[in-house]
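Contents: one structure, followed by commentary.
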């Protein structure tokens, strides 16, 4: 069971990303967020420190980066297993813990699990799930750096921004009065950055697959050429009486 955040970390007044054009009226109930198409911050984002862990470097998520999303207070990673989100220390080798960060043209972030291609998003009850294969409105997320370390993950619900919290082992949305109980997350970069990668193929793997395809096509073409040449020679061979 994941524990609630009790550190009392204060939010830095600003966002790392701009709000979307299709939800430009989203407002945070604590009046930190300005409802425009460009998010502004009164304090520098660099106030959140970058740390190095066993898996990689933790820092602000950026588009094309692949991250492990981990609860800063419990050390549990956000993992997709059998279609369900879990928080676990036992990451394992079967995957489900690597999230590719994407950014829409309107500034919203999205996190797509690299194996299943499912996006992290807000479920109808206000929690988190990973079901959609497109970066739609429920999958549009923001992250906000905290002066005490880590980030809040923020969703938009009916033109209102809500932080993601954990209560009783379940993901819940947290409003203004409960903002100190919102979960603190860290984003640990897992590897080299690349472009859009559906189905879990990384850039290197994609290059290997393409090379194998070209080798197959070249082999097939050579085989057909030899076959045609043999048939052509056979048809022109002089008949012996």
Out of all the residues in the stretch 134-156, which are more than 25 Å from residue 75 (Cα to Cα) and buried (at least 16 other Cβ atoms within 10 Å of the Cβ)?
135, 138, 156
Pick from the stretch 117-126 the residues that are surrounded by fewer than 18 Cβ atoms within 10 Å (Cβ to Cβ) and without any contact (Cβ under 8 Å) to a residue 60 or more places away in the chain: which of them is nearest to the chain's Cα centre (by Cα)?
123
Among the numbered conditions (1) touching a residue at least 60 places away in the same chain (Cβ under 8 Å); (2) in a strand (DSSP E or B), tell me where residue 79 comes up short.
(1)
Do you know which residues across the stretch 87-116 are in contact (Cβ under 8 Å) with a residue 60 or more places away in the chain, outside any strand (DSSP E or B) and under 18 Å from residue 156 (Cβ atoms)?
104, 106, 107, 108
In the stretch 117-130, anything at pLDDT below 95, in a loop (DSSP other than H, G, I, E, B) and in contact with a strand residue (DSSP E or B) (Cβ under 8 Å, 6 or more places away or on another chain) is listed as 123, 126, 127
Suppose we filter the stretch 157-178 for residues that are more than 18 Å from residue 74 (Cα to Cα) and touching a residue at least 12 places away in the same chain (Cβ under 8 Å); how many remain?
10
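The values are calculated or read from the model by the stated rules, or taken from the named source; none is laboratory data. Since this is a predicted model, take the numbers as computed values, not measurements. Glycine gets a Cβ as well: all are built from the backbone with ideal geometry, and neighbour counts include every protein chain shown.
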